[in-house]
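What follows is a single structure, written as structure tokens, with notes after it.
The values are calculated or read from the model by the stated rules, or taken from the named source; none is laboratory data. Quick caveat, the model's predicted, so the values are computed rather than measured. Heads up, the Cβs are rebuilt from the backbone with ideal geometry, glycines too, and the neighbour counts pull from every protein chain shown.
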Amino acid sequence: MLLVHAKGGPPLGHVLSRTAAKAEVHLLALSALPPAVAGSARRRCASVVTPAGAHRSDLVSLIVARAEAVGADAVLTFSEYAVVAVAEACEALGLAGAGSASALARDKRLMRRTWQRHGLPQPEFRPVRTEADLHAAARALPGPLLLKAAWSAGSTAHRIIRSPHEVPAAWARSRAVMAESAQLGYAELHVAEADADYVVERIVTGTASDWFDEPGWGDYVSVEGVVTNGVFRPVCLSGRMPTVEPFTERASITPVPLAQDAQDRIVDLARRAVDALGLRDCGTHTEIKLGADGRMWLIETAARFGGAMTVPQIEEVFGLDLVGMLVDHLLGRPVAWPERALTPARARGAAGSLVVLAVDGHGRAWPDRRIWDFRAVAEDVPLSRGSRLSVVAESSLPDGSVVPVYDPAAGANTMAALCLLSATDARTVLRDFETLVDALPRVLPAARLQEVPA
């Protein structure tokens with residue numbers, strides 16, 4: 001197995017351990033290995049190669065050459081930013097992969113056009129490449145609007161436009177954030193000039209209260225699944241806490257306590273969305289907005305498993321090693337995928353991941369700067385009986401780091417840490433996360449002036 005590593009996706013440590021249990025792993029690292037797993041990566045892998053000076057135009061050839069050099073029977077990535085390059089390399093090698101339609105699950109403009117042709121529910125949208133395009137779209141679409149970079153991930157470069165006079169500032173800020181993200185390695189690695197492509201869409205009104213029996217849940221869910229030989233296989237649903245403005249994800253929770261008929265309707269829409277894209281062999285992650293009176297809108301589908309801790313959450317709750325199962329499938333081994341999307345009745349407790357951002361439960365910035373210190377959080381935040389909290393070291397700042405100021409345009413780029421919580425059920429995870437969010441600015445040590453970066 002040639003594993004192509006880049007920023008984003010599930011934690012590399014989790015991916016490597018599950019992949020290495022199934023195959024000899026050769027790692028092609030397009031991004032620096034997280035320090036927390038660099039040592040174990042070199043122990044687990046038959047080879048680790050970090051190419052120097054690789055250009056985007058060379059990426060597919062680079063992957064193909066490395067796959068041929070190690071005699072790879074399969075090539076896989078879990079990074080959004082490498083999905084298209086790996087899919088094209090698999091096509092060139094004659095190996096199982098997402099297929100030639102992979103770009104439809106990356107470029108939000110192509111994705112929305114495809115769904116539009118299939119008559120699937122989604123927000124009204126317009127593709128934009130220039131500020132003039134954005135002005136024209138703002139005149140044509142009812143507001144408020146959301147500007148997105150077409151190839152972004154993690155809510156990066158999202159800007160809300162409430163009136164036409166906000167267009168110039170939104171355009172300038174979104175482009176600046178995309179440039180900053182590219183410097184951090186959070187950018188498309190293969191498609192040339194992807195940073196010039198944007199989409200603007202009408203913001204639809206979600207209504208969580210029509211779907212959930214209790215408050216606190218966000219108004220969208222994700223359907224986690226896989227496509228094998230062109231057939232979509234749903235695995236389960238994950239719920240959310242409300243996003244932080246503009247639409248930065250704060251927490252993912254598995255499973256999600258929805259009625260069976262509601263889950264069935266959500267899974268059916270996800271199936272139609274994935275089928276329309278024509279994917280072949282890959283993980284999938286489809287986000288769906290929930291509205292009043294049973295209305296739904298497609299947000300996006302990815303040709304890879306959900307990022308952050310989505311995959312480890314599923315393994316803990318449902319006992320499914322999705323990474324290992326996908327590796328087996330790509331290597332031609334039989335895999336027993338779930339016959340239908342799993343429900344809370346099949347779950348062994350619940351698990352969730354929380355992105356630590358310097359905002360309170362209402363999305364307001366903390367009044368002062370704080371130091372990230374997981375020990376203080378673990379010792380001082382009262383959680384429910386039986387709940388267990390841990391920190392994902394490779395996705396978090398070291399203890400002693402100043403928590404970044406939350407930047408709405410930069411989204412998850414300004415997170416301080418990623419925490420994993422296990423509990424008896426999804427409702428308990430939600431309540432404990434609310435407790436954590438409220439407690440963080442109180443229990444974390446205050447930053448001294450000399451510790452705050454300029």
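Of the residues screened, Leu30 is one that is within 24 Å of the chain's Cα centre (by Cα), modelled with pLDDT under 95 and closer than 17 Å to Ala87 by Cα.
Per-residue answers, yes or no, for (1) within 27 Å of Thr156 (Cα to Cα); (2) of a type in the set (A, V, I, L, M, F, W, C); (3) assigned by TED's automatic domain parsing to the domain that holds Ala32; (4) modelled with pLDDT of 95 or more:
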{"site": "Asp373", "(1), (2), (3), (4)": "yes, no, no, yes"}
{"site": "Ala378", "(1), (2), (3), (4)": "no, yes, no, yes"}
{"site": "Ala410", "(1), (2), (3), (4)": "yes, yes, no, no"}
{"site": "Thr428", "(1), (2), (3), (4)": "no, no, no, yes"}
{"site": "Ala439", "(1), (2), (3), (4)": "yes, yes, no, yes"}
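What do you reckon, is Val327 part of a loop (DSSP other than H, G, I, E, B), hydrophobic (A, V, I, L, M, F, W, C) and surrounded by 23 or more Cβ atoms within 10 Å (Cβ to Cβ)? No; evaluated as a whole, the condition is false for this residue. Out of curiosity, is Val267 in contact with a Gly (Cβ under 7 Å, 6 or more places away or on another chain) and not charged (D, E, K, R)? When the stated conditions are applied, Val267 does not pass them.
Within the range 316-362, the only residue that satisfies the criterion of being among the polar types (S, T, N, Q) and farther than 15 Å from Pro257 by Cβ is Ser353. Scanning the range 246-289 for residues that are farther than 30 Å from Gly363 by Cβ and small (Gly, Ala, Ser) yields Ala276, Gly278, Gly283. Before we move on, is Gln116 more than 19 Å from Leu189 (Cβ to Cβ) and surrounded by 15 or more Cβ atoms within 10 Å (Cβ to Cβ)? Criteria not met by Gln116.
Filter the range 154-175 down to residues that are in contact (Cβ under 8 Å) with a residue 60 or more places away in the chain and touching a Gly at 6+ places or on another chain (Cβ under 8 Å) and give me whichever is surrounded by the most Cβ atoms within 10 Å (Cβ to Cβ). Only one residue tops the list, namely Ala157.
Among the residues of the range 269-286, those identified as surrounded by fewer than 22 Cβ atoms within 10 Å (Cβ to Cβ) and among the aliphatic types (A, V, I, L, M) are Leu269, Ala276.
Within the range 363-413, the set of residues being over 17 Å from Ala439 (Cβ atoms) and outside any loop (DSSP other than H, G, I, E, B) comprises Ala393, Glu394, Ser395, Val402, Gly411, Ala412, Asn413.
Among the residues making up the range 212-242, those that are part of a strand (DSSP E or B) and aromatic (Phe, Trp, Tyr) are Tyr220, Phe232.
Against the test of being without any contact (Cβ under 8 Å) to a residue 40 or more places away in the chain, over 25 Å from Leu449 (Cα atoms) and either touching a helix residue (DSSP H, G or I) at 6+ places or on another chain (Cβ under 6 Å) or crowded, with 20+ Cβ neighbours inside 10 Å (or both), the options Val381, Val391 yield a single qualifying residue, Val391. Mind checking which pairs have a first residue in the range 252-268 that is in contact (Cβ under 8 Å) with a residue 24 or more places away in the chain and buried (at least 23 other Cβ atoms within 10 Å of the Cβ) and a second that is assigned to a helix (DSSP H, G or I) and charged (D, E, K, R), Cβ under 9 Å, 6 or more apart or different chains? Cβ pairs passing all conditions: Thr254/Glu316; Pro255/Arg346.
Of all the listed residues (Ser102, Ser155), the sole one being in contact with a Phe, Trp or Tyr (Cβ under 7 Å, 6 or more places away or on another chain) and not assigned by TED's automatic domain parsing to the domain that holds Phe305 is Ser155. Considering Ser79, Ser163, the condition of being under 20 Å from the mean Cα position of the chain (by Cα), polar (S, T, N, Q) and not assigned by TED's automatic domain parsing to the domain that holds Pro246 is satisfied by Ser79 alone. Regarding the range 421-428, can at least one residue be identified that is part of a loop (DSSP other than H, G, I, E, B) and under 20 Å from the mean Cα position of the chain (by Cα)? Checking the range 421-428: not a single residue is part of a loop (DSSP other than H, G, I, E, B) and under 20 Å from the mean Cα position of the chain (by Cα). The residues on offer are Leu104, Leu93, Leu59, and the sole one that is at pLDDT 95 or above, buried (at least 16 other Cβ atoms within 10 Å of the Cβ) and closer than 13 Å to Val4 by Cβ is Leu93. Among the residues making up the range 188-203, those that are of a type outside the set (Phe, Trp, Tyr) and within 21 Å of the chain's Cα centre (by Cα) are Glu188, Leu189, His190, Val191, Ala194, Asp195, Asp197, Val199, Val200, Glu201, Ile203. In the range 326-341, the residues that are within 15 Å of Val227 (Cβ to Cβ) reach residues that are aromatic (Phe, Trp, Tyr) with C-beta atoms within less than 8 angstrom, at least six apart or across chains, in these pairs: Leu326/Phe305. Just one of the numbered conditions (1) surrounded by fewer than 23 Cβ atoms within 10 Å (Cβ to Cβ); (2) part of a strand (DSSP E or B); (3) in contact with a Ser or Thr (Cβ under 7 Å, 6 or more places away or on another chain) is not true of Lys289: (3). Assessment of the range 343-352 against the conditions (within 23 Å of Val37 (Cα to Cα), crowded, with 21+ Cβ neighbours inside 10 Å and outside the structural domain of Leu147 (by TED's automatic domain parsing)) yields at least one matching residue.
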